[in-house]
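The values are calculated or read from the model by the stated rules, or taken from the named source; none is laboratory data. Everything numeric here is computed off the predicted structure, so don't read it as measured data. Every residue, glycine among them, receives a Cβ derived from its backbone with ideal geometry; neighbour counts consider all protein chains shown. These area figures cover heavy atoms from the full protein model, side chains too; ligands, DNA and RNA do not enter into them. Shrake-Rupley method; radii C 1.70, N 1.55, O 1.52, S 1.80 Å.
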Amino acid sequence: MTIIISPTVKKKKQTRREHIVPRLLLANFADANGVIWVYTKGKVTRPSIPENECIERDFYEYELNGRKTNNQYEDWLARVEGDASEILRLLVNRASLGKSEAVIWSTFVASLFARTRKVRTQISEAMVRRFKQQIEDPDFVRTMQYELLQQGELHYVEDLKKSLEKTRAAMDESPSFYHVSGLPRHTVTLAEALMKKRWWTIDAPPGKSFLISDCPVMTSELDGGKVLPGSGFGKENTAVLVPITSKKLFVASPHNRNWRMVAEPRGVDMINLQAVRFGHLNVYAADNLPATQSLVDTELNQIVFGQNAFLPN
């Protein structure tokens, strides 16, 4: 008689320390010794390593009706990062991308924006408050019913009310629910907007370096000679900028705009100013410079989503 013993399947250890900015990106802003300098408003610049930065405990987890996410979204983000790691190398080396590679990279950049702490605290939480106010208005439900009917879907008002109340209860039960559950959907929408733009990789000139923050994706509307930070991804004249190393900048630009392959020193200064203003709590760099600390002390988080950027229509 043969006894077959099934192999023991190890239960995957759940990740609790979750990176809101991927290590693979932060590592590109470390010095030759692997040290990354951390700038925080009103604090002394400190040395660190990418592994220990941009971490939040259980940031992409929530529990709803007794059911936990168990790293569902963390694992999804890890796959997005893994797919993008090779594309990042190609962009740094100015290699051309195929359609499938472009889709991977646009998904990564979109997720890089949507996953941040700043988006949760300045956009998602405001949207939750707005939603809770809206569902108290009977006209809101009737308008929703009419819009669904125009799409060929018939829903009774009472059924819609129950569905909305269920969503509201989920938001009350878990503060992270709205942000986390919407991540894949919002990522797809932003990625589609990125795919419609023209992509560039810009070098920093000798003696200059790019900064990166804990909200690394920046947008600006290029309106004539004006640059208006915090414009929506889908706007025709919006440029999306992401520092991808201390010496390289990725730009998704309007098609009618041309960019220098090597930025002017003043251009790097302007981009770094925007990087600091988009930052939420921290800015990162390969160098420890008093001028950067001074910039962080005066300009950090000056771009506030929902107030002077990404304003609702």
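Structure summary
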{"quantity": "Test: residue in the range 98-115 that is without any contact (Cβ under 8 Å) to a residue 12 or more places away in the chain, open to solvent by less than 60 Å² (accessible area, probe 1.4 Å) and not hydroxyl-bearing (Ser, Thr, Tyr)", "calculated": "yes"}
{"quantity": "Verdict on Phe305 being among the hydrophobic types (A, V, I, L, M, F, W, C) and at pLDDT 95 or above", "calculated": "no"}
{"quantity": "Evaluation of Asn313 against (1) open to solvent by 70 Å² or more (accessible area, probe 1.4 Å); (2) at pLDDT 95 or above; (3) touching a Gly at 6+ places or on another chain (Cβ under 9 Å) (one fails), failing number", "calculated": "(2)"}
{"quantity": "Selection from the range 146-182 of residues that are open to solvent by 50 Å² or more (accessible area, probe 1.4 Å), modelled with pLDDT of 70 or more and assigned to a loop (DSSP other than H, G, I, E, B)", "calculated": "Gln151, Gly152, Glu153, Leu154, His155, Tyr156"}
{"quantity": "Spans of strands (runs of 3 or more DSSP E) in the range 6-77 with at least 1 residues open to solvent by 80 Å² or more (accessible area, probe 1.4 Å)", "calculated": "17-19, 46-48, 55-57"}
{"quantity": "Selection from the range 271-286 of residues that are in a strand (DSSP E or B) and not small (Gly, Ala, Ser)", "calculated": "Asn282, Val283, Tyr284"}
{"quantity": "Flag for Ala95 being outside any loop (DSSP other than H, G, I, E, B) and of a type in the set (Gly, Ala, Ser)", "calculated": "no"}
{"quantity": "Where a residue in the range 23-45 is among the hydrophobic types (A, V, I, L, M, F, W, C) and its partner, wherever it lies, is in a loop (DSSP other than H, G, I, E, B) and open to solvent by 50 Å² or more (accessible area, probe 1.4 Å), with Cβ under 6 Å and at least six apart", "calculated": "Trp37/Asn288"}
{"quantity": "Filter pass, Asn282 being under 15 Å from the mean Cα position of the chain (by Cα), over 26 Å from Glu192 (Cβ atoms) and open to solvent by 20 Å² or more (accessible area, probe 1.4 Å)", "calculated": "yes"}
{"quantity": "So Glu136, is it closer than 21 Å to Leu64 by Cα, of a type in the set (D, E, K, R), open to solvent by 40 Å² or more (accessible area, probe 1.4 Å) and at pLDDT below 75", "calculated": "no"}
{"quantity": "Residue that is farthest from Thr245 (Cα to Cα), among those in the range 287-313 that are of a type in the set (Val, Ile, Thr) and part of a loop (DSSP other than H, G, I, E, B)", "calculated": "Val304"}
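Residue-wise test of (1) under 21 Å from Leu194 (Cβ atoms); (2) in contact with a helix residue (DSSP H, G or I) (Cβ under 8 Å, 6 or more places away or on another chain); (3) touching a residue at least 24 places away in the same chain (Cβ under 8 Å); (4) buried (at least 19 other Cβ atoms within 10 Å of the Cβ).
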{"position": "Lys248", "(1), (2), (3), (4)": "yes, yes, yes, yes"}
{"position": "Asn256", "(1), (2), (3), (4)": "yes, no, no, no"}
{"position": "Val262", "(1), (2), (3), (4)": "no, no, yes, no"}
{"position": "Gln274", "(1), (2), (3), (4)": "yes, no, yes, yes"}
{"position": "Ile303", "(1), (2), (3), (4)": "yes, yes, yes, yes"}
{"position": "Gly306", "(1), (2), (3), (4)": "no, yes, yes, no"}
